[in-house]
Amino acid sequence: MERPAWAPRSIDISVPSVSRIYDYYLGGSHNFEVDREAARRAMEFMPGLPKIMQANRAFTRRAVRYAADAGITQFLDIGSGIPTFGNVHEVAQTARPGVRVVYVDHDPVAVAHSQVVLEGNADAAVVAADLLKPRDILASPQVEQLLDLERPVALLLVAILHFVEDTDDPYAAVAELTAALAPGSLLVLTHASYEGIPLPPGRAEGAVDVYRDIRNPLVMRSRDEIARFFEGYDMVEPGLVPMPHWRPETAPEDEDPYAFSGFAGVGRTS
């Protein structure tokens, strides 16, 4: 397999990547055939996966605009993935010039492309780090230079927690990040769930198995389990809901049925 010029030498291009699969679902071009093949296998069981990802991105844009309109000027996006049109810094800085954004990802392709996209933007940066090591994120030079943790921050954990197994205790990681945030900070979160998927659970399990096969287990949690991530937060209306129902800009009934798979919510620390 020929290595594209944009692919860092350090990555194994024969192994599928969750962030590159996500890029493929969104119509991006920074993915390899091995990623596309895994995506197509998952779509054999759950053909609406691209619609879910599109709904996820649309929710993120609405939540970022909400945060900026509410006076938040700092964003920490963990598990940010490969840059696509309408990224957090583009939405936030359009809504409120001068907003500062730090992206975090452990995928070298995502980090490399973020660096290119952010070149010349003094108010945005990317950190190569892992959600499960909050101290590394919070102590990074990029966070220390761009974010003032004594002031409110919007923490984005969008489509990342369902890739963390219970044995790695994602709740502890979120709690540690929350403890570092000032009162008035926001948690913006989406998470996959069997609830809302317009398929029998047994068929949806086939797509989950594909992610397990590529050693990126997809953990489908219940609404109650997802709500636990918001401990210490007051939920912003309308609460933890399917993505199209969170402050929609168009009629939810016009959305594809797959868009209602999983949950999204925003919480505020007091």
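Looking for something closer than 22 Å to Leu131 by Cα and charged (D, E, K, R) - is there at least one such residue anywhere in the range 190-210?
No.
With the structure loaded, tell me whether Arg212 is surrounded by fewer than 18 Cβ atoms within 10 Å (Cβ to Cβ), over 19 Å from Gln54 (Cβ atoms), charged (D, E, K, R) and modelled with pLDDT under 95 or whether it fails that test.
Criteria met by Arg212.
Every residue, every condition in (1) open to solvent by less than 80 Å² (accessible area, probe 1.4 Å); (2) in contact with a Pro (Cβ under 7 Å, 6 or more places away or on another chain); (3) modelled with pLDDT of 95 or more; (4) part of a loop (DSSP other than H, G, I, E, B), yes or no:
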residue: Val116; (1), (2), (3), (4): no, no, no, no
residue: Val127; (1), (2), (3), (4): yes, no, yes, no
residue: Asp130; (1), (2), (3), (4): yes, no, yes, yes
residue: Asp136; (1), (2), (3), (4): no, no, yes, no
residue: Glu150; (1), (2), (3), (4): no, no, yes, yes
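Of the residues Thr84, Thr94, which single one is without any contact (Cβ under 8 Å) to a residue 60 or more places away in the chain, of a type in the set (Ser, Thr, Tyr) and either open to solvent by 10 Å² or more (accessible area, probe 1.4 Å) or part of a strand (DSSP E or B) (or both)?
Thr94
Step by step: first the residues of the range 189-204, then only those that are outside any loop (DSSP other than H, G, I, E, B) and in contact (Cβ under 8 Å) with a residue 12 or more places away in the chain, then the one that is surrounded by the fewest Cβ atoms within 10 Å (Cβ to Cβ). Which residue is that?
Arg203
Among the residues of the range 36-52, write down those that are open to solvent by less than 30 Å² (accessible area, probe 1.4 Å) and either within 16 Å of His191 (Cβ to Cβ) or touching a residue at least 60 places away in the same chain (Cβ under 8 Å) (or both).
Ala38, Ala42, Met46, Gly48, Leu49, Ile52
If I ask for residues that are surrounded by 19 or more Cβ atoms within 10 Å (Cβ to Cβ) and assigned to a helix (DSSP H, G or I), which ones from the range 228-248 would you list?
Phe229, Phe230, Met243, Pro244 - these are the residues of the range 228-248 that are surrounded by 19 or more Cβ atoms within 10 Å (Cβ to Cβ) and assigned to a helix (DSSP H, G or I).
Which ones in the range 249-260 are part of a loop (DSSP other than H, G, I, E, B), among the acidic types (Asp, Glu) and surrounded by fewer than 19 Cβ atoms within 10 Å (Cβ to Cβ)?
Residues satisfying the conditions are Glu249, Asp256.
Do we find a residue being free of Cβ contacts under 8 Å to residues at least 24 places away in the same chain and closer than 25 Å to Arg40 by Cβ anywhere in the range 223-237?
no
Being at pLDDT below 95, open to solvent by less than 30 Å² (accessible area, probe 1.4 Å), part of a helix (DSSP H, G or I) and not hydroxyl-bearing (Ser, Thr, Tyr), is that true of even one residue in the range 170-186?
The answer is no; no qualifying residue exists.
The values are calculated or read from the model by the stated rules, or taken from the named source; none is laboratory data. Keep in mind that what you see is a predicted model, and the values were worked out from it rather than measured. Note that we place each Cβ from the backbone using ideal geometry, even for glycine, and neighbour counts take in every protein chain shown. Only protein heavy atoms, including side chains, enter the accessible area calculation; ligands, DNA and RNA are left aside. Shrake-Rupley method; radii C 1.70, N 1.55, O 1.52, S 1.80 Å.
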